[in-house]
Structure formats: C-alpha cells, structure tokens
1. Taking residue 342 as meeting all but one of (1) under 24 Å from residue 267 (Cβ atoms); (2) at pLDDT 85 or above; (3) buried (at least 18 other Cβ atoms within 10 Å of the Cβ), write down the number of the exception.
2. Which residue out of 485, 506, 461 is surrounded by fewer than 16 Cβ atoms within 10 Å (Cβ to Cβ), assigned to a helix (DSSP H, G or I) and touching a strand residue (DSSP E or B) at 6+ places or on another chain (Cβ under 8 Å)?
3. Check off (1) of a type in the set (S, T, N, Q); (2) open to solvent by less than 20 Å² (accessible area, probe 1.4 Å); (3) without any contact (Cβ under 8 Å) to a residue 40 or more places away in the chain for residue 320 and give me the number that stays unchecked.
4. Residue 269 fails exactly one of the following numbered conditions: (1) touching a Ser or Thr at 6+ places or on another chain (Cβ under 9 Å); (2) under 26 Å from residue 332 (Cβ atoms); (3) open to solvent by 20 Å² or more (accessible area, probe 1.4 Å). What is the number of that condition?
5. Inside the stretch 280-324, can you point out the residues that are of a type in the set (Val, Ile, Thr) and under 18 Å from residue 414 (Cβ atoms)?
6. Tell me which residues, restricted to the stretch 464-482, are in contact (Cβ under 8 Å) with a residue 12 or more places away in the chain, open to solvent by 70 Å² or more (accessible area, probe 1.4 Å) and out of contact with any strand residue (DSSP E or B) (no Cβ under 6 Å at 6 or more places or on another chain).
7. Which numbered condition in (1) of a type in the set (A, V, I, L, M, F, W, C); (2) modelled with pLDDT under 75; (3) in a helix (DSSP H, G or I); (4) open to solvent by less than 40 Å² (accessible area, probe 1.4 Å) is the only one that residue 61 fails?
8. I'm checking my understanding of the structure. Among residues of the stretch 199-221 that are open to solvent by 20 Å² or more (accessible area, probe 1.4 Å) and more than 15 Å from residue 462 (Cα to Cα), which one is modelled with the lowest pLDDT?
Amino acid sequence: MRHLPEIFFHKYGRPVFVSCSLAPILTNGESVGTVIDFQDITEHKQAEDQLRTSEDRYRRLFETAQDGILILDAGAGRIMDVNPFLARHLGYTQEELLGKQLWEIGLFRDIAANQAVFAELRKSGYVRYDNLPLQTKDGRSREVEFVSNLYAVGGETVVQCNVRDVTDRKKMEADLRTSESDLRQAQKVDALGKLSGGIAHDFNNLLTAINGYAEMCIPLAEGMEPFEAYLEEILKAGKRAADLTQQLLAFSRKQVMETKVMDVTVIVLDVVSMLRRIIGANIRLIPKLQAELWRVRADPVQIHQVILNLAVNARDALPSGGEIIIQTSNVESIEDPAAEGLAASRRYVMLSVSDTGIGMDGAILARIFDPYFTTKDFGKGIGMGLATVEGIVRQSGGHIKVESAPGKGSSFRIFLPRVEAVAENTDSRILKRGMAPMGTETILMAEDDQIVRTFTRRALEMHGYKVLEAEHAEKAMEISGSYPEPIHLLLTDMLMPGMNGRELAEKFRVQRPGIPVIYMSGYTDNVIQEQGLLGEGAVFLQKPFSPMVLVDVIQEALALNTEPEF
C-alpha cells in the first residue's frame, strides 16, 4: 500500500490536502485492479504549519530578545538553552553555559541557595527576585530582575528564567534619591539660615544695649574693685556674643568675612586659655606652637571658631581621657599638592588639632563635613560644626585634611596660604577708652525696639546731643513736621513696621533737604544691600554698636554733611 500526499482544489478554488493510498485488487494472485483511497488531511496540515510558524516565531523572539532567557530542566536545574543576549551579557559563549547550573554562572553563589530556590519553584511554580546580584565572567557585578516559571512542554517539565539587567536603572533611582535628599538638605540649610539670621538680628538689638551700658559704666566704676572688673567681664562676654551673632549671619547670608593679616598663634593661645577651663581634668591639652609663625589673611573671629569647634570635638572623642594637641608650623611644601587643591609653589601655615581618642572609620570620614551629619547622641549636636569649619577654611583660601582610624584618634590639619605683611590687631575685645568729643546737635531717631531706642538716646544725651525719639517711621515724620527748630541728622533703623528706613529718609528729605541720614540694623550691610534697601555710599551702622562708635559715626556724618547717594 502506498500513501501519496496530494493537493486537490475545491471547485471554488481553495486547496484541499489529501492523503492517497493505493491498494491492488488481486484475483488468483493476479492484479485485476487498484483501490484508491482519498483522506482529507487539510486540518492536520494546517495544524503542522501553525506549529512550525509558532516555533519559528518563538525562536526569533528567543534569539533577538534584549532580556536574558534561560531554559532549565526542572529536575537537575541544568541549562538546556540560553539566548544570545544573556550569553553576551555574561561574557560567555552559549556552549560554555549549556549544561551548567545557576550557581556556576554567578546567579546563586552556592549550591544550597540554588537548591532552596528550586524547592520553592517546584512548590509554587513561580519565583521572582527584584534585585538579584549577578557576576559576569570577567568579575563585574550587575543587578538583575530574575523571574522563573515552571511549565510543561511535550510531556516534559522545564523552567523558563527571564533575566533583566536593572543596574543602570537602580543607579538612576539612587542618584534621584540622592538629588532629592540633597534638595531637602539644601532647603533645611536655607530654612536654618533664615532662622539663624532672624535670631542674630534680634540678639544684636539686645547686645547693643548690654554692651553699650557696660561700656558706659566702665569709666564710672574706674578704681572701684571688683565692680570695674565685673563690668570688664560683662563687656568681654558681650563682645564674644556679638562675634557669635556675626558667625550666625555669615552662615545664614554668606557675608564677606572681615579678614585681617594675622598671627594664628594669638588665636590659638586665646582658645587654649578657654579650653583649659572646660575640657576636664582627665584630658591633657598640649600646644605645640612654632616660633616666628608666618602670617595669614583670615577672619580672626572665624579662625577662633574653627579651632574651638575642632578642640571641642576632640574632647568629645576622649570619654575616658587622653590628649588634645594643637600645633602650628610653617610648611614649605605639602604632600601631593594637586590632590589637596593647593599650589605646590606657595607656602602655608599649618594648623592642626589632634586627639588620641576613639577615632573614625571610613564611612564616617566620608561624611563628616556633610551638614546635619553627626555621630553624637540626640540633643548633643546637630552636625553643623564641621560643615561650618570646612566652609570657613575654604573661604579663607585654605584646605583641610583629616586622618583618622578606629581606636587611633583623629587629626585635622588646616593649610592657610602665607602672606607677606605685618599682622594687624586681631583682639576684638580690646576696650576703646577715652571720651568722644561732646556734641550739641539735634538728632531725630526712629527705632522700633524700645531697649535699643532708650540706650541710644541715653548714649547720645551723655555726649551732649538733643534726641527726638520716635518708635516708628510715621511718628518720626510727625515729629519732623511739627518740630520748629533745626534737625541736624536722622538716625533710623533699617527695618521697621510700616515704612522702612529708606522710605522714611526719602520723605524726611522732602521736608528737610540736605540733612544727613545714618541707617542702623541688626542685619549686615550686605544683607540690607541684597534687599535693595540701602544704596551705595549710604552711611550704615551695624548693631551692636558701642557708644563710642555711635558718636564717631554721627560726628563723621555731621562733618561731611553731604546727602548719601541711593
């Protein structure tokens, strides 16, 4: 019997696949005819074609997919097939992967993990990992999404594993989170800056009265011990507080530092004197100061803050006692200057604060200058000290280098460029003695803070001036309009409810042209300038001010008697 495939055509033209079978008709052993049997196999033929097409489509998808695909046998978990993309991605050839188990190519690093995964897969028929670590043939680490499904093919159970590389996506997500965190941090710093600026402004008003009254009383108590000494100490503390408010304003508004050519030794000795009273008996404070130290240009108040912050941190790193070494030296050259960002040809003054304390590991070292990062217990630090230190050092044109290890203490070395100049006076606490010349002029004062207003009036009256007092700008204009005698100068706070100082000055000059104006504020002049409230050339008096400074500024303005430019 013979079976022959044939294609017949229906009378309407569609093809009909048939199988023809031929069988002879035998009579007495002789063929007397043939039986032809036709069987319609169209549906079977179409099913075969569809299966072949489906297999070709799957193979093309398998071969061209941009995700990795593995086919494993469900028994031993060995690789039966792998698509080219995954092979290339892992750095293997397809032949190197066939017959391997997952743990052999770095998806699972040990047999026990591999077996546990397969046990779970057999039980549930599905396994998924969102960030599975993978290692390529050349040792590169990648993160992948790994999804496995169990299914039957032709009576055989197999596992299909889909592998998608998510390393770049994870990095982008991490970078985005970092950017969002940096933005939130910047917003916190900005909010803290605004808050600290407001606090410093209000505190400067209080310090104007505290320091001013103390300075006014010192000449009256001369020779009267211990009252004169007490007043001296009050004034010293008040001036130190004024320095701190300047630091707050510098932090909040990035004000230009008041730099001077200075000898760092003077500042170190002052800090050492202060620290001996606060560090505790179980800590040795060892200054190692080079004689004839070179000069640097920096802000003395802020360098004082740098040394104090570092020394207090060193103290906190010595819970069981130890040593704090504050050292200065002239440095002709530094190791690896390019890496430090310093010029190799320049000379530097090196200032270091070291301790024998608990030290820091690499993870902490990487973040110590980050704002708000702290290793101290809650309530014992907000993490701004070292961030401020680094900012001051960099603003001074220098660089800070840190070395530390757990159990081996820490060393902070600061490099400040040398300058060829004679040191200026850096002691902001030196009291200006002597009496300013007496005045006779009439001064209109507008100040909304009652404490500052009363102090300023008393200070001016002590020096012979007549003071017309106004608690706001509207009251000042009322006084100016009704006062029948000459007014020689307007002294006004810059920021007041209602009209500000500049608006008051403009209206005042309409009534009394050519009269000099002095502006005063607890904010710095550059902050006022940024807000457009103070024109270039205007006379500005920074709070807190002493009676001597107040009188000096007024006498200079009266002597010039020129209208400030806006």
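1. Residue 342 satisfies every listed condition except (2).
2. Details: 485 fails: assigned to a helix (DSSP H, G or I); 506 fails: touching a strand residue (DSSP E or B) at 6+ places or on another chain (Cβ under 8 Å).
Among 485, 506, 461, only 461 is surrounded by fewer than 16 Cβ atoms within 10 Å (Cβ to Cβ), assigned to a helix (DSSP H, G or I) and touching a strand residue (DSSP E or B) at 6+ places or on another chain (Cβ under 8 Å).
3. (2)
4. Single failed check for residue 269: (1).
5. Of the residues in the stretch 280-324, the ones of a type in the set (Val, Ile, Thr) are 283, 286, 296, 301, 303, 306-307, 312, 324.
286, 296, 301, 303, 306, 307, 312, 324, listed by residue number.
6. Let us first name the residues in the stretch 464-482 that are in contact (Cβ under 8 Å) with a residue 12 or more places away in the chain, namely 464-477, 479-481.
With open to solvent by 70 Å² or more (accessible area, probe 1.4 Å) added as a condition, the list becomes 466, 471, 474.
Correct list: 471, 474.
7. (4)
8. Restricting attention to the stretch 199-221, the residues satisfying the condition of being open to solvent by 20 Å² or more (accessible area, probe 1.4 Å) are 199, 201-203, 206, 210, 213, 215-217, 219-220.
If we keep only those that are more than 15 Å from residue 462 (Cα to Cα) too, we end up with 199, 201-203, 206, 210.
Values: 199: 70, 201: 67, 202: 75, 203: 75, 206: 81, 210: 83.
Across the stretch 199-221, the extreme among qualifying residues is 201.
The values are calculated or read from the model by the stated rules, or taken from the named source; none is laboratory data. Since the structure is predicted, the reported quantities are computational estimates derived from the model, not experimental observations. As a convention, Cβ positions derive from the backbone with ideal geometry for all residues, glycine included, and neighbour counts pool all protein chains shown. Only protein heavy atoms, including side chains, enter the accessible area calculation; ligands, DNA and RNA are left aside. Shrake-Rupley method; radii C 1.70, N 1.55, O 1.52, S 1.80 Å.
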